[in-house]
Amino acid sequence: MGLSYPMKNIFFIIISSICSLSSCVQQRAGIEPPLSIGTPPQNAYTGLVLLEDGEIRHYGKNMYISSKDNGQRWDTVTVANGNLYGKRSPKTGEYIRLFFKGIDSVYSARSSGGIDGKWEQNLIDTNGAIMLKPVVFIKNGDRAVVGFHTKYRNGCGTYYSDDHGFSWKKSNQVNVPQHQAKGFHKGQRWNHGAVEPSIIELKDGRLWMLIRTAQDTHYESYSSDGGESWSKATPSRFYGTITMPTLQRLRNGSILLIWSNTTPLPELEHESDYWEDVFTNRDALHAAVSDDDGKTWKGFREVYLNPLRNDSLMATRYGKRGSNDRSVQQSEIIDIGNNKVIVSLGQHPNFRTLIKLDINWLYETEYHDDFSNGLTKWSYHKYIKGIKGHCTYNRKPGAFLIPHPDQPFGNTMLLKAERDTTLVAQNSGALFNFPAKQRGAVQVKIKLNKDFKGMQISLNDRWFNPIDTVANQYAMFNIEIPQDFLPIGTWYDVKLEWANVNNSNTGYCTIFINNKKLDTKIPLKNKTINGISYIHFALPLKNERSNSILIESIKTN
């Protein structure tokens, strides 16, 4: 349900003096935001290794990078075979991994004498299992489990070993429904089945497998026999489309999830075997943490935004060096202690990175931005017509950092839609992420420019494209700001306060303008178990030449 007030009514609730946002919430002492510390030498998801003495290695082709100070400095080491690495068995101290080689061959590799010792390699399968994840040790280290999917896209499952990696058996495979061209979708997404499973052992002894799909959500499956058989895959609570989820049990007992909490644009009309338009949701990577074995989660925060997400040559810059996929969605995690992890992410050599993540950052409840560091915390790109690279459009920004028009210091964000027939869509938008909450508030200081023609503000539980025109259909709340809602040229504090977003009967959002509460409560449109973690500003453009607003600051609590 939208909100629309004629201008004559709004004057009764707007006070004459304009209240500024309170001082920015400071980062809690000792808690650092995610920090880039290096570049992986190969695609993320495998190759990141923590040795017993604390050395960190990330393997690539016939080499690895090494750090002995938790990622502050990296050295490059050449080796004869970059495939020989793995996870260390807590029982034997040796390293184990499975890998795909040749046409359909799956091999095991097991060290003797440590990671730099001798390695034994054995053929274990000829059924084309690929994207073999790092080993997970369960049952106190007595069993090794590895997730896989087949290159024939007929499902995913696990290999398991009870003799410390010398021999392996294989589970059943589970699959997921195909995406269908219906509703908002004029075409069908690339359907690859159940792929890239991530597995952890739960405290009750079951294994939990989270699966990449072509649907809007990851699917999940459970095993009660240590990975020998898996239940029918069903939708999970986690959004994610054709992107990799990565689960990790932390040393403190918590579960960390790294994934892209994102939804792509609706599918364009195309032939059923055409899928180069689907990857419009791979520029953001998120994290959440659970302290009760997956029952509840905190965070849902962006740990990384693709720094080239607005690049006019996004699809073609850097050529075909390495992987063509310019996403940040693949990942691998190691726990380095002191409640910190290192995450390897991404694929293309110029887009992938290593980040250090303080888990305490995921428990924070407040977030802010005053643009003192530019637009780094926002998504605001548009797409130029025509697929130019692997699943990629070239881009244009829909927002700009400009000097504050009314103060001698500081910056503001100009969000502007302009007539441009080279673009996939004429509208503009901007998204800001904050810690997920069932009850919370977001406050923004905003000014409507002379060319303002209306705006929609949506509160969501996931990332949508800035130009997405159907994101409001999935939102928890939508607020329509018509052209005559507020007088132009004046700064206003707009506060949205919500509660009970997991209850369709009691969920609501209230609106404050300059600390004055509006009478209307907006009812919950779509409930969410994960809480609200995004605000989406959308500027439509119909027959006008332009439509714009200024944003000075934003904070959540």
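Results, tabulated for the structure shown:
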quantity	calculated
Elements of type strands (runs of 3 or more DSSP E) in region 388-498, at least 2 residues being at pLDDT 95 or above and under 17 Å from THR263 (Cα atoms)	428-437, 455-460
Residue satisfying condition, being within 31 Å of the chain's Cα centre (by Cα) and either of a type in the set (Val, Ile, Thr) or modelled with pLDDT of 95 or more (or both), within set ARG73, ARG153	ARG73
Index of the failed condition, GLY183 passing every other in (1) under 18 Å from THR241 (Cα atoms); (2) surrounded by 14 or more Cβ atoms within 10 Å (Cβ to Cβ)	(2)
Per-region count, region 507-557, residues outside any strand (DSSP E or B), among the hydrophobic types (A, V, I, L, M, F, W, C) and farther than 30 Å from TRP297 by Cβ	2
Residue in region 418-441 that is buried (at least 20 other Cβ atoms within 10 Å of the Cβ), closer than 30 Å to ARG317 by Cβ and out of contact with any strand residue (DSSP E or B) (no Cβ under 8 Å at 6 or more places or on another chain) present	no
Qualifying positions in region 73-113 - more than 21 Å from ASP125 (Cβ to Cβ), part of a strand (DSSP E or B) and touching a residue at least 12 places away in the same chain (Cβ under 8 Å)	THR76, VAL77, THR78, ARG88, SER112
The one condition in (1) modelled with pLDDT of 95 or more; (2) assigned by TED's automatic domain parsing to the domain that holds LEU345; (3) over 26 Å from GLY322 (Cβ atoms); (4) in a loop (DSSP other than H, G, I, E, B) that ASN127 fails to fulfil	(1)
Search result, residues across region 191-233 that are buried (at least 18 other Cβ atoms within 10 Å of the Cβ), part of a loop (DSSP other than H, G, I, E, B), hydrophobic (A, V, I, L, M, F, W, C) and out of contact with any Gly (no Cβ under 6 Å at 6 or more places or on another chain)	ALA214, TRP230, ALA233
Conditions (1) free of Cβ contacts under 8 Å to residues at least 40 places away in the same chain; (2) outside any loop (DSSP other than H, G, I, E, B); (3) aliphatic (A, V, I, L, M); number of the one not met by LEU354	(1)
Residue in region 490-511 that is surrounded by fewer than 17 Cβ atoms within 10 Å (Cβ to Cβ), under 24 Å from the mean Cα position of the chain (by Cα) and closer than 18 Å to ALA430 by Cβ present	no
In region 380-408, residue surrounded by the fewest Cβ atoms within 10 Å (Cβ to Cβ) [restricted to those that are under 20 Å from TYR318 (Cα atoms) and among the hydrophobic types (A, V, I, L, M, F, W, C)]	ILE387
Selection count, region 1-58, where residues are at pLDDT 95 or above, surrounded by 11 or more Cβ atoms within 10 Å (Cβ to Cβ) and more than 26 Å from the chain's Cα centre (by Cα)	3
Condition broken by ASP53, with the remaining ones in (1) touching a residue at least 40 places away in the same chain (Cβ under 8 Å); (2) among the acidic types (Asp, Glu); (3) closer than 27 Å to LYS356 by Cα satisfied	(1)
Hey, ASP116 surrounded by fewer than 20 Cβ atoms within 10 Å (Cβ to Cβ), under 25 Å from GLU201 (Cα atoms) and in the same structural domain as GLN330 (by TED's automatic domain parsing) or not	no
Pairs where the first residue, in region 326-350, is closer than 19 Å to SER67 by Cβ and surrounded by 24 or more Cβ atoms within 10 Å (Cβ to Cβ) and the second is aromatic (Phe, Trp, Tyr) and at pLDDT 95 or above, C-beta under 7 Å, 6+ apart	SER331/TYR45; GLU332/TYR45; LEU345/TYR304
Qualifying residue in region 311-318 (condition: touching a Leu at 6+ places or on another chain (Cβ under 8 Å) and either without any contact (Cβ under 8 Å) to a residue 40 or more places away in the chain or not hydroxyl-bearing (Ser, Thr, Tyr) (or both))	yes
Residues located in region 280-295, provided they are of a type in the set (S, T, N, Q) and either buried (at least 24 other Cβ atoms within 10 Å of the Cβ) or closer than 21 Å to TYR380 by Cα (or both)	THR280, ASN281
Residue, farthest from the chain's Cα centre (by Cα), within region 188-214, restricted to residues that are over 22 Å from ASN154 (Cβ atoms) and charged (D, E, K, R)	ASP204
Residue in region 503-521 that is closer than 25 Å to LYS450 by Cβ, among the polar types (S, T, N, Q) and either touching an Asp or Glu at 6+ places or on another chain (Cβ under 9 Å) or outside the structural domain of PRO405 (by TED's automatic domain parsing) (or both) present	yes
Residue satisfying condition, being within 27 Å of PHE400 (Cα to Cα) and either over 19 Å from the mean Cα position of the chain (by Cα) or of a type in the set (Phe, Trp, Tyr) (or both), within set THR280, THR316, THR263, THR353	THR316
GLY322 vs. criteria farther than 22 Å from PRO435 by Cα, in a loop (DSSP other than H, G, I, E, B) and in contact (Cβ under 8 Å) with a residue 24 or more places away in the chain	yes
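The values are calculated or read from the model by the stated rules, or taken from the named source; none is laboratory data. Only a predicted model underlies this, so the values are computations on that prediction, with no experimental measurement involved. Quick reminder, even Gly has a Cβ in these numbers, built from the backbone with ideal geometry, and neighbours come from all protein chains shown.
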